Amino acid sequence: MNRSALSPAFALAALLALTPVGARCAAPENAGALPVDGTVPFAVRRVATFDRPWAIAFLPDGRLVLTEKAGRLFLVTQAGARTAIDGVPATYDRGQNGLLDVAPSPDFARNGLLYFTRVAPGDGGGALVLARARLEESGGRARLRDQKTLWRQQPASRGGQPGGIIAFSPDGRHLFLTVGDRMEPDTAQDPDAARGKILRLNPDGSAPPDNPMAGRAGIRALTWSMGHRNPYGLAFAPDGALWEHEMGPRGGDELNRIRPGGNYGWPEVSNGDQYSGWPIPRHATRPEFDAPSVYWTPVIAPAGLAFYHGPQFPAWQGSALIGGLRAEGLVRIAFNADGTARQADRWALGRRIRDVAVAPDGAVWVIEDGDGAGLLRLTSK
Ligand SMILES: [Ca+2]
């Protein structure tokens, strides 16, 4: 049979006929079908403009560090004044690859360490690399010093979908890193490949002795969860739970509550389909895989994840904020008493949103995607 000759509708009907009714009823809510709010409850101010920015993170003093995918790193004041940070190592700036996330050490005020991810050139493609360096400032200039590579993807890949998001545990003792499938889907189910995993490391890059596969060889010793596709959001909730979001294929963007040793199913299951229209079995058909808490069809292309805290938006305490590239807006996730999640709001901003962060004063900052992209500050009206 020629798969490409099948219509998506026929393929979906064939899949549904094979799906047990009980399992289908257990599926999470499709937030992609919920309405979009065109009016926003916040004032938006454009603070500065960047070219292909990728990530923002706040320092304890209220300034931001900001990455541009081409390999530039900046310090940015709340007024929008920028200082380039010299010393960024070589970056494979191609497609979805480039300089990616940045996160200050939980102990930044004392040690001045920045953690950052990039896809580094090599082997005809690029390898995701996690590194750290000390931020040194003097005479109005800034520079990375004492760089140390903490982890490097091996082998390198030619595809996009790098992942690369950094999150520290609330106690600051562990670092979590998302690794995308690099457009090699089957690797997400290979326990000896780093692709399609969330890793848990000590802040010096070594393997914690209490990881799910501690003591095993290679990448297994670092693996916290597997079966991920393209994770561009990772953050801890106030209750200590780790949440991740990832882009699905055609449909099926996911918000997942991450548990140690969990397998989130990609590419065996998805609530989306292949771009060709060929169906992928739904999460509900394979209960051995962890199902998403929320999913989106059509997709929002989630990018950036931050939990809200602060005085600007009292009703949002403990909510998660997600930027949307395809959604061109911002999504708020609320959490139910039983730990389940639901989409509480989705606001249209008319701009592809690449990352979101909460400032020390409780204002929400987002960056747009692409060239001439705005760094935006959202405050209550
Ligand atoms: Ca999944």
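Throughout, read-outs are computed from the coordinates displayed, never taken from laboratory work. Remember, it's a predicted structure, so these values are computed and weren't measured experimentally. Don't worry about glycine lacking a Cβ; one is built from the backbone with ideal geometry, like all the others, and counts go over all protein chains shown.
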All-pairs Cα distance distribution in the stretch 285-353, expressed in whole percent, bin size 5 Å: 4, 16, 23, 24, 17, 11, 4, 2, 0
Simple label model, 7 Å out from Cα along Cβ direction - Asp239 to Thr77, nm: 4.2
Cβ-Cβ FRET estimate between Ser276 and Glu29, R0 fixed at 30 Å, reported to 0.05: 0.70
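Among His245, His309, His174, His283, what is the fewest-to-most ranking by other Cβ atoms within 10 Å? If you can, show how the numbers build up before the last one.
Numbers: His245 32, His309 14, His174 17, His283 24.
So the ranking, lowest neighbour count to highest, is His309, His174, His283, His245.
Which value at 222 nm does the chain reach when only helices count, each DSSP H run of 4 or more adding -39,500 (n - 2.57), with the total divided by all residues and rounded to the nearest 500 deg cm²/dmol?
On the way: 3 runs with 19 residues, N = 381.
Computed mean residue ellipticity for the chain: -1000 deg cm²/dmol.
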Simple spin-label estimate for Val40 and Glu136 in nanometres, 7 Å along Cα-Cβ: 4.0
Virtual paramagnetic centre 7 Å along Cα→Cβ of Asp186, amide N under 20 Å, in the stretch 218-248: 219-220, 226-230
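Given 4 °C and 1.567 mPa s, how large is the Stokes-Einstein diffusion coefficient of the chain in µm²/s, with Rh as the Kirkwood radius over Cα pairs?
On the way: Rh = 21.0 Å.
Estimated diffusion coefficient is 62 µm²/s.
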The stretch 127-209 - Rg and Dmax from Cα coordinates, angstrom: 14.9, 50
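Using only C-alpha atoms and all pairs of different ones, pull out the Kirkwood radius for the stretch 189-321 in Å with one decimal.
Working: mean 1/r = 0.0633 Å⁻¹.
Roughly 15.8 Å, rounded to one decimal.
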Loop sites in the stretch 236-335: GluC sites (Glu not before Pro), DSSP, at most 11 other Cβ within 10 Å: Glu288
R0 of 41 Å, Cβ-Cβ distance Asp61-Glu288: FRET efficiency to nearest 0.05: 0.30
Euclidean distance between Cα centres, the stretch 230-279 to the stretch 34-57, Å: 23
Shape parameters for the stretch 30-81, alpha-carbon atoms, Rg then Dmax in Å: 15.1, 41
The stretch 322-381 pair-distance distribution - Cα-Cα, 10 Å bins, rounded %: 22, 48, 26, 4, 0
Degrees separating the helix 8-17 axis from the principal Cα axis of the chain, which is the longest one: 70
Separation of the Gln154 and Asn336 label points, Cα + 7 Å toward Cβ, nm: 4.6
Set of aspartates and glutamates with alpha-carbon distance to Lys69 below 18 Å, sequence-local pairs under 8 removed: Asp51, Asp86, Asp93, Asp101, Asp355, Glu368, Asp369, Asp371
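Which whole number of Å³ per residue matches the convex hull of the alpha-carbon atoms in the stretch 39-118?
On the way: hull volume 9.8 nm³, N = 80.
In the stretch 39-118, the Cα convex hull volume per residue is 122 Å³.
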